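Working notes, beginning with the structure itself.
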Amino acid sequence: MRVSRIAIATGVAASTVLLLAGPAAAHVSVQPQGEAAKGGYATLNFKVPNERDQASTVKVEVNFPADHPLSSVTPEAVPGWKIDITKGKLDKPLEVHGKKITEAVSKVTWTADGSKIAPGYFQQFPVSVGQLPEDADQLVFKAIQTYDNKEVVRWIEEPTAGGDEPDSPAPVLKLSAASEDHHGGGAAAKADDDDKADDKAASAEGDKKETHAASSSSSDTTARTLGIIGILIGVAGVAFGVLAGRRRNA
């Protein structure tokens, strides 16, 4: 009986470890640099970990949401990876800054070209996106990960509110409240402040140059005036000397 109880306890403990280890497995995720505000622009990092011990990741596909198309999608170059951008026609054109957009990026694919995601490592793939929707709280990006042993993992299961995390969850981007400038929060505000600072610096530099120029001009004028006065005094001195000499001779 004692042996049986020990065996049962050991089995329960092992099962608990397995249950705890399952949800802890890493998966493809997406996080903004800073914040992703509704109606603004943001830079997103798609983080891709390698979950296999005997294979390397050689291809990553990220599908962009069709229900909330993004008019601007610009991936950052990643050394050792080739980037392909797939676009599709929109059922309903978007209007951005007074222009009609009839197509949008539907998928971005990174293919290993001299590099891989080796076991025990991860890789981030940055993408600049916008304009983020104002009528959504989150965006779902379904991803597909391919290994060099031909295995394909589909991270496409959408999470449900209040439900358990799926086995292969799709990357989900949470959107924050809309900012006043609609340009993605802090980064844009900092850029505006930098521009204003540059304008002030340029203005101050211009004033300094004008003051220096005016000072130089005034100095040149004074020097010329003193030079002329000196010449006149010299001429007068010579004339006085000549007259004085003539008087003595007389």
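The values are calculated or read from the model by the stated rules, or taken from the named source; none is laboratory data. The structure presented is a predicted model; accordingly, all values stated were derived computationally and were not measured. SASA here: full protein model, heavy atoms, side chains in, ligands and nucleic acids out. Shrake-Rupley method; radii C 1.70, N 1.55, O 1.52, S 1.80 Å.
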Legend entry - Alpha carbon centroid spacing (whole Å) that separates the stretch 38-68 from the stretch 143-169: 11
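At 1.4 Å probe size, with every protein chain present, just tell me what the per residue accessible area of the stretch 20-115 comes to in Å².
Numbers: 5240 Å² over 96 residues.
That works out to 55 Å² for each residue.
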Inset, instruction - Put one equal scatterer on each alpha carbon of the stretch 23-78, apply the Debye formula with no solvent term, and list log10 I(q)/I(0) at q = 0.13, 0.29 1/Å to two decimals. - result: -0.46, -1.43
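When the accessible area of the stretch 27-89 is computed with all protein chains present and a 1.4 Å probe, what percentage of it is carbon and sulfur?
44
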Legend entry - Cut-off under 5 Å, modelled amide H: who pairs with Val30 long-range: Lys47, Val172
Inset, instruction - Quick one: order Tyr147, Tyr121 from most to least accessible surface, probe 1.4 Å. - result: Tyr121, Tyr147
